[in-house]
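These notes are about the structure you will find just below.
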Amino acid sequence: MIQTQPYTVLAEIYDCIMKDVPYKKWAKYILKLIKNFHPKTKDILELACGTGTMLSLLLKFGFKVDGLDISEKMIQKAREKIKSENVNFFIADMAEFKPDKKYDLVICLYDSINYLTEEEKLLRLLSNVWESLQNGGIFIFDISTEYNSIQNAIAMNTKGKCDDYKFVRRSYFLRDKKLHINEFEIERDGEKFFERHIQRIYKISEIENAVEKTGLFKVLARYSNFTFSEGSEWSERIHFILKKIEL
């Protein structure tokens, strides 16, 4: 079995595996957040944009969008999905990247922040996002919680077939280490591949302490599960809305 980096072989079947994710609902929720917190938004950068599904929806809403992902294969799929010369794609680590232009809004969705397993990387990300935003700009991101890992890890164990590929997904939570692991075994034409995805499960206080430590953002809100109710440790997903502080 060949071990590959996350989102290498998985990129080939990612949209198939994620077909039940309510992307349209997610996009409409982001649109509501934009109207509530930064209605003049025009330019959006999505970090960890994956295969570009969210970008394509935001593009239909009339926004100017760019996308960034660490996986060349995922960006390749995004380019195939969004055939527009007005959309820029960047292949880079979201904790290290600094774009040439500034945006009204930066988003990082579907618990991609959880892939930052070290606080130092989270702090660098916040600093780079601050650099990427216009004055008064907004950063919207979400995290998956410990409650979600405890409640749903077993349900994430799946297997199936996507075109010529077969896959098995194993999901488990290392509670003592606060790490959620997703392992994928993928087979095509008798060749087998293995990917391990590691996410750190942050507490709300850890995120807010990191934000405070940078001194670069004000936390405007933290919402629970696509609602406008305050998020807590009992939420499965928490959406954070940060505003850039002008220094």
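Read the figures in this text as sums done on the coordinates, not as results from a lab. These figures come from a predicted structure and were not determined experimentally. Here the Cβ positions follow ideal geometry from the backbone for every residue, glycine too, while neighbour counts run over all protein chains shown.
A few notes on this one:
- Note, ³J(HN,Hα) from phi for segment 144-150, Karplus 6.51, -1.76, 1.60, rounded to Hz, x at Gly and Pro: 8, 9, 4, 4, 5, 5, 5
- Only Lys, Arg (+1) and Asp, Glu (-1) charged, at Cβ; segment 148-199 dipole about Cα centre in debye: 340 debye
- Partners for residue 161 among aspartates and glutamates (Cα-Cα distance below 15 Å; same-chain residues under 8 apart left out): 12, 15, 20, 185, 187, 189, 191
- Within the same chain, aspartates and glutamates fewer than 8 places from residue 178 are excluded, and of the rest, those with a Cα less than 16 Å from its Cα are 111, 118, 119, 146, 206, 233, 236.
- Separation in nanometres of the label points that stand 7 Å from Cα toward Cβ, at residue 227 and residue 16: 3.7 nm
- Measuring between alpha carbons in the structure, the pairs from 32/243; 77/159; 28/83; 121/192; 98/177; 60/218 lying more than 27 angstrom apart are 121/192; 98/177; 60/218.
- From the coordinates shown, Cα extents along the principal axes in Å corresponds to which of [x] 56, 45, 30; [y] 61, 55, 34; [z] 61, 45, 29: [x]
- Across segment 232-241, computed HN-Hα scalar couplings (Karplus, 6.51 cos²θ - 1.76 cosθ + 1.60, θ = phi - 60°) run 9, 5, 8, 7, 7, 9, 10, 9, 9, 10 Hz from first to last residue, x flagging Gly and Pro.
- Treating r as the C-beta distance of residue 213 and residue 61 and R0 as 22 Å, the FRET efficiency rounds to 0.05.
- Inter-probe distance in nm under a simple model that places probes 7 Å from Cα toward Cβ, at residue 191 and residue 147: 4.4 nm
- Lys/Arg +1, Asp/Glu -1 at C-beta; segment 148-199 dipole; positive extreme among 198, 157, 174: 174
- Applying a 4.7 Å Cβ-Cβ cutoff to the chain, the cysteines left without a disulfide-compatible partner are 49, 108.
- Straightening the chain between residue 179 and residue 93 buys 29.0 nm, computed as 0.36 nm per residue apart minus the Cα-Cα spacing.
- Chymotrypsin sites (Phe, Trp or Tyr not before Pro) within segment 8-89, DSSP loop, no more than 16 other Cβ atoms inside 10 Å: 61
- Rough spin-label spacing in nm, given labels placed 7 Å along Cα→Cβ, for residue 206 and residue 163: 3.6 nm
- Listed peptides 111-118, 224-231 by packing density, highest first (mean Cβ within 10 Å): 111-118, 224-231
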